[in-house]
1. Given the Cα-Cα distance of Gln89 and Glu73 and 0.36 nm per residue of separation, how much length would full extension add, in nm?
2. Evaluate the distance, in nm, between pseudo-label points positioned 7 Å from the Cα of Thr60 and of Ile210 along their respective Cα→Cβ axes.
3. Please list log₁₀ I(q)/I(0) at q = 0.19, 0.25, 0.29 Å⁻¹ for segment 128-186, using the Debye equation with identical point scatterers on the alpha-carbon positions.
4. Rounded to whole Å and sorted largest first, what semi-axes of the equivalent ellipsoid does the C-alpha gyration tensor of the chain yield via the square root of 5 times each eigenvalue?
5. Taking the mean number of other Cβ atoms within 10 Å as a proxy for protection, how do you rank 174-186, 39-51 from highest to lowest?
6. Give the cross-link partners of Lys43 among the lysines, using a straight C-alpha distance below 22 Å as the criterion and excluding same-chain residues fewer than 8 apart.
7. Starting with the highest mean, order 94-104, 119-129 by the number of other Cβ atoms within 10 Å, averaged over the residues of each peptide.
8. Quick check: from the Cα gyration tensor, does segment 180-219 come out rounded (a/c under 1.5), prolate or oblate?
Amino acid sequence: MTTVVRLDGVRKEYGGTTALDGVSLRIEAGEAVAVMGPSGCGKSTLLNMIAGLDRPTAGTVEVHDEDLGKLSETGLALFRRRRIGMIFQFFNLLDDLPALDNVALAAQLMGVRARPARRRALELLDELGIAERRNAYPATLSGGERQRVAVARALMNRPALLLADEPTGALDSRSGEQVMDLLLDLNQIGQTLLLVTHDRALAERCATRIVQLADGKVA
Ligand code: ADP
Ligand code: ADP
């Protein structure tokens, strides 16, 4: 089996606060892992460590056989764009670009030319059932549509790992379920998934494994 994420003894301190207190965790290819726990237990910090958005105070983080501690800031930014897809509670789409361009941009930033990038973006929007909304600006899309556009963007560069931070937190229950089903489908065709949520129903439906965090430790 291929290990996609390997954390060993990861600590993260912010000033006097210990956000992560010696977390070791492995995620194998094809798993869908949900990280759960109360507010302030370190879920977002854990996600940021794995995405290379922040560095641990101690311990190692490896993703796709890359030791993130050995990468420069530029190397980390490249790693993030190439290997990680992220979706967020509030979508983080660019408001001044239509759906298709929001998606295509992820590949264009990696050096793919506009035309092939737009072609793949359209394929993804089609697979996610929102191709007909390709020219719509985020403000005119429903929450569920925005999240599907965000999923398409996250998949553009065929990430080794899809990170989802409370992906249904801003959605009504029906669109939340649709996004959940989408994540489930993606995992069933092999996408490795790490989901942060405090929604147990979501975790139980989507995840092959639930990791409980408490006070910065795996419980
Ligand atoms: P969760 O996502 O589970 O709510 P976080 O990872 O956001 O938890 O936070 C874990 C702990 O670290 C909390 O005590 C929080 O206040 C603290 N923390 C997180 N980020 C920062 C930061 N940038 N500066 C200072 N403290 C932080
Ligand atoms: P920055 O100005 O930080 O360099 P980028 O150009 O990397 O921003 O990203 C533009 C937008 O795309 C941002 O809203 C960012 O949150 C989002 N984004 C960047 N990388 C990814 C990714 N791998 N998956 C999903 N969204 C991403």
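The values are calculated or read from the model by the stated rules, or taken from the named source; none is laboratory data. Note that the structure is predicted; figures quoted are calculated from it, not measured. Positions of Cβ are generated from backbone atoms using ideal geometry, with glycine treated the same way; all protein chains shown enter the neighbour counts. Heavy atoms of the whole protein, side chains included, go into the accessibility calculation; ligands, DNA and RNA do not. Shrake-Rupley method; radii C 1.70, N 1.55, O 1.52, S 1.80 Å.
1. Answer, rounded to one decimal: 3.2 nm.
2. That separation, rounded to one decimal, is 3.2 nm.
3. -0.69, -1.16, -1.40
4. Ellipsoid semi-axes (Å, largest first): 28, 20, 15.
5. 39-51, 174-186
6. Result set, ordered by chain and number: Lys12, Lys217.
7. The peptides rank, most packed first, as 94-104, 119-129.
8. prolate
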